[in-house]
Amino acid sequence: MLLNGQYWTFIGEWYLLSLRDIASRDQAWSGRLSSGLFGRHNCPAGNRGPKSSTEVIVASGDAGLEWLIRNRFRPCPVCKPHETPGFREKTHLLVGNKYRSFQTFVDPARLPFSAIPLPWEEMLEMTGAPPNRLYVPEDTPLRSLIRLRNRFANAGHSLPPVGCYDRAAPGRFREYAVPG
Ligand SMILES: [Zn+2]
């Protein structure tokens with residue numbers, strides 16, 4: 001059973017650490033599993049909604065940052081982790097392998113953020129439960145949602161509500177129907 005205030009933290013390998021342990025280490029980022037965005041722990045956007053260990057993972061130091069980018073997490077457009085000094089120098093090779101340009105990586109207007117490409121098999125095994133919702137781009141085809149549902153099913157979990165960010169919708173979330 002997970003204790004309150006502990007998070008799965010990548011430091012070359014995964015460890016379940018308390019926030020105090022995390023804070024005493026290198027620079028760390030929180031990755032939000034519902035959106036695939038990563039940012040600062042005190043980000044005003046990241047602090048909306050629940051923050052349990054099934055919603056947030058932590059990546060610490062250069063190894064953590066590399067894990068996030070390799071696994072398709074994207075920088076939060078509100079707290080802009082990519083504007084941290086040294087970030088671009090540290091990451092440009094890996095980002096260049098994964099994205100058309102650094103701008104594509106950092107700008108959701110060029111490439112919408114999405115929970116679809118995240119490594120769910122690895123993460124679900126660790127966290128034991130899915131986050132309470134998943135954000136995907138507005139024009140996501142149904143076949144991609146069915147494939148996502150199948151990945152969750154193969155990992156032994158049902159798909160949480162999937163939808164897109166919609167400022168006008170209740171909870172700013174417009175849910176899609178995924179046929180069972
Ligand atoms: Zn943020």
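Readers should treat all values here as calculations from the given coordinates under stated rules, not as data from a laboratory. These numbers were taken from a predicted model, which means no experiment stands behind them. We place every Cβ from the backbone using ideal geometry, glycine too, and count neighbours over all the protein chains shown.
Could you run the Karplus curve 6.51 cos²θ - 1.76 cosθ + 1.60 with θ = phi - 60° over the stretch 131-141 and give me ³J(HN,Hα) per residue in whole Hz, x for Gly and Pro?
Karplus values, whole Hz, x for Gly and Pro: x, 7, 7, 10, 9, 10, x, 4, 9, 5, x.
Remind me, relative contact order of the chain in percent, using alpha carbon pairs under 8 angstrom and six or more residues apart?
18 percent
Could you work out the mean projected area of the convex hull around the alpha carbons of the chain, in square nanometres to one decimal?
10.5 nm²
Out of 101, 34, 60, any idea which swings most in a Gaussian network model of the chain, alpha carbons joined below 10 Å?
The residue with the greatest mean-square fluctuation here is 101.
Report Rg(Cα)/(2.2 N^0.38 Å) for the stretch 73-159, keeping two decimals.
1.25
Under 11 Å from the Cβ of residue 11, count the other residues' Cβ atoms, weight Lys and Arg +1, Asp and Glu -1, and hand me the total.
-3
With charges only on Cβ, +1 for K and R and -1 for D and E, what is the dipole size of the stretch 6-106 about its Cα centre, in debye, rounded to 20?
360 debye
Amide H to amide H, which residues 5 or more places from residue 41 or on other chains are under 5 Å from it, using H placed in the peptide plane?
Distant-sequence amide H within range of residue 41: 30.
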